[in-house]
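The values are calculated or read from the model by the stated rules, or taken from the named source; none is laboratory data. Everything quoted here is computed from the prediction, not taken from an experiment. Here the Cβ positions follow ideal geometry from the backbone for every residue, glycine too, while neighbour counts run over all protein chains shown.
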Amino acid sequence: MSTQTPQAIRGTQDIFGPDAEAFAFVVETFERVRKLYRFRRVEMPVFEKTAVFSRSLGETTDVVSKEMYSFEDRGGESLTLRPEFTAGIARAFITDGWQQYAPLKVATHGPLFRYERPQKGRYRQFHQIDAEVIGAAEPQADVELLVMADQLLKELGIADGVTLQLNTLGDGASREAWRTALIDYFRAVKGDLSEDSQDRLERNPLRILDSKDPRDKVFTAQAPKIDDFLSDEAQDFFAKVTGGLNAAGVAWTRAPALVRGLDYYRHTAFEFVTDRLGAQGTVLGGGRYDGLMEALGGAATPAVGWAAGIERLAMLVGERNPRRLNVAIVSEARSTDQLAWNLGLSLRRRGLSSAVWAEGAPRKRFDKAVKENPQLVLVLDDKAVSERTIAVMRVRSLTTGNLVDEELAQRVIETLDSLKLWAAPKPTIEHGRELELEYDILA
């Protein structure tokens, strides 16, 4: 009886090698930046009661109606794997007493789940980084989040070709007046709209504005603009956001068609976009959602946040190899195997990455070590026993051709000295070879 080899579920991925290193680089950079901005780390449940997402995302949205992974547990309660972070964080703010910390700055990252058609950079299990400011009504909170996102993209090295698109949705009154005008405008041409837009017309007309269907684009260009309905307060809020970005040196462009369809979104909406990902051009996006807490049954609480897909960011980062190995330790004699392991342990404890070759055919260990492109190679061979010396080789970088920097060499020397096994180095240079230093082993 033959058994079929199990395959990965469609829309999931096994991340390995340079792709995994790029993924890790995104997360590590995000963690470093969020600490600079003093955002508290939070960990959220992978599943919540289904109502948390249906009430926050809206029963009629595609995510709730088509894409959520929902199931009934043994107690008969409907649960859902999280399709996004904001709703769970808002629920925790209400139920866990986080109000005492307001204004609260939190950040997290991890897997999310949506049942949708897999495509480039989009998976059914995907990963996001997320940052939120809860309890801050001032436009400065929006500015800080946007400046933080801009710095993140720059530190990832992917800011070139990425544009911040910015819009305002106005306050509650402005948005409602705009929504009414949009319904009246699109009703007059309803029969010419796409099927999706006809369905959205009465309950979510703002979504028609970002439709990609050519049948809709004919009409969206002439649709009423939010600027015609902004209150004085809403205009002042947006002016402070744009002024703050200008002062911080963050470039932005106005995107009047950039919207958030759900009623609890207010004021700022934004996306960082690029043409380097094909049709899926959004790199990072977010906005202000001052009405979400009320939608979940909590007190009125202003909030703003953003999220970004780690997979998409990693694609922009490109393949990354692990950081170059600092020190390779090669034992070419049985009598030096244990010493090699001890050296590796000591170097790691001092923050230097090291790998030990003390197994397999002794004469092949050196070649294997050099293939890993280390900065330094410590060679322990018969001379380490008979002549009491250890050779230290500097290896040229495979990418830059540079030799090891002096700081690394000094740290290795200090490690060797601290073990009380090595005397002061005796520099020797043999022209035409990489061999640079020798160390005497103390008796």
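For residue 282, are the conditions met, namely being of a type in the set (S, T, N, Q) and crowded, with 22+ Cβ neighbours inside 10 Å? No: the conditions fail for residue 282.
The set of residues from the stretch 1-16 being in contact (Cβ under 8 Å) with a residue 40 or more places away in the chain and out of contact with any helix residue (DSSP H, G or I) (no Cβ under 9 Å at 6 or more places or on another chain) comprises 9, 10, 11, 12. Exactly one residue out of 92, 102, 137 is in contact (Cβ under 8 Å) with a residue 40 or more places away in the chain, within 29 Å of residue 168 (Cβ to Cβ) and touching a strand residue (DSSP E or B) at 6+ places or on another chain (Cβ under 7 Å): that is 102.
The condition (being within 33 Å of the chain's Cα centre (by Cα), surrounded by 14 or more Cβ atoms within 10 Å (Cβ to Cβ) and not acidic (Asp, Glu)) is satisfied by just one residue among 166, 182: 166. Looking at this structure, is residue 381 at pLDDT 60 or above, under 15 Å from residue 332 (Cα atoms) and in contact with a helix residue (DSSP H, G or I) (Cβ under 8 Å, 6 or more places away or on another chain)? Judged against the criteria, residue 381 is a match.
So for the stretch 365-377 (the condition being assigned to a strand (DSSP E or B), modelled with pLDDT of 80 or more and out of contact with any Gly (no Cβ under 7 Å at 6 or more places or on another chain)), does at least one residue qualify? So that I can check it myself, show each step before the final result.
Keep residues of the stretch 365-377 that are assigned to a strand (DSSP E or B), which gives 376-377.
Those left that are additionally modelled with pLDDT of 80 or more: 376-377.
This time we only want the ones that are out of contact with any Gly (no Cβ under 7 Å at 6 or more places or on another chain), so: 376-377.
Checking the stretch 365-377: at least one residue is assigned to a strand (DSSP E or B), modelled with pLDDT of 80 or more and out of contact with any Gly (no Cβ under 7 Å at 6 or more places or on another chain).
Exactly one residue among 203, 215 is charged (D, E, K, R), outside the structural domain of residue 254 (by TED's automatic domain parsing), at pLDDT 90 or above and surrounded by fewer than 19 Cβ atoms within 10 Å (Cβ to Cβ), and that residue is 215.
For residue 193, state whether it is more than 22 Å from residue 307 (Cα to Cα), among the aliphatic types (A, V, I, L, M) and more than 23 Å from the chain's Cα centre (by Cα).
yes
Before we move on, is residue 249 surrounded by fewer than 20 Cβ atoms within 10 Å (Cβ to Cβ), at positive phi and of a type outside the set (S, T, N, Q)?
Yes, satisfied.
In a helix (DSSP H, G or I), of a type outside the set (Asp, Glu) and at pLDDT 95 or above: does that describe residue 152? Criteria met by residue 152. Residues that are over 26 Å from residue 276 (Cβ atoms) and touching a Ser or Thr at 6+ places or on another chain (Cβ under 7 Å) within the stretch 100-141 comprise 132, 134, 135, listed in sequence order. Looking at the stretch 320-350, which of the residues that are part of a helix (DSSP H, G or I) and hydrophobic (A, V, I, L, M, F, W, C) is nearest to residue 407 (Cα to Cα)? The selected residue is 347.
Going through the stretch 21-45 one residue at a time, which ones are out of contact with any Lys or Arg (no Cβ under 6 Å at 6 or more places or on another chain) and either at pLDDT below 95 or of a type in the set (Asp, Glu) (or both)? Result: 28, 31, 43. The numbered conditions (1) within 30 Å of residue 27 (Cβ to Cβ); (2) of a type in the set (Val, Ile, Thr); (3) not assigned by TED's automatic domain parsing to the domain that holds residue 39 are all true for residue 336 except (1).
Here is a yes/no grid of residues against (1) buried (at least 16 other Cβ atoms within 10 Å of the Cβ); (2) in contact with a Phe, Trp or Tyr (Cβ under 8 Å, 6 or more places away or on another chain); (3) within 30 Å of residue 146 (Cβ to Cβ):
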| site | (1), (2), (3) |
| --- | --- |
| 12 | no, yes, no |
| 18 | no, no, no |
| 25 | yes, no, yes |
| 41 | no, no, yes |
| 66 | no, yes, no |
| 72 | no, no, no |
| 77 | no, no, no |
| 92 | yes, yes, yes |
| 95 | no, no, yes |
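Scanning the stretch 339-350 for residues that are more than 16 Å from residue 372 (Cβ to Cβ) and without any contact (Cβ under 8 Å) to a residue 12 or more places away in the chain yields a count of 2.
Across the stretch 97-111, the number of residues qualifying as surrounded by fewer than 20 Cβ atoms within 10 Å (Cβ to Cβ) and either of a type in the set (A, V, I, L, M) or over 19 Å from residue 149 (Cβ atoms) (or both) comes to 7. Based on this model, can you work out whether residue 124 counts as modelled with pLDDT under 95, loosely packed, with under 14 Cβ neighbours inside 10 Å and either over 23 Å from the mean Cα position of the chain (by Cα) or assigned by TED's automatic domain parsing to the domain that holds residue 32 (or both)? The answer is no for residue 124.
When 184, 199 are screened for being free of Cβ contacts under 8 Å to residues at least 12 places away in the same chain, in a helix (DSSP H, G or I) and either touching a Ser or Thr at 6+ places or on another chain (Cβ under 9 Å) or within 17 Å of residue 264 (Cα to Cα) (or both), only 199 passes.
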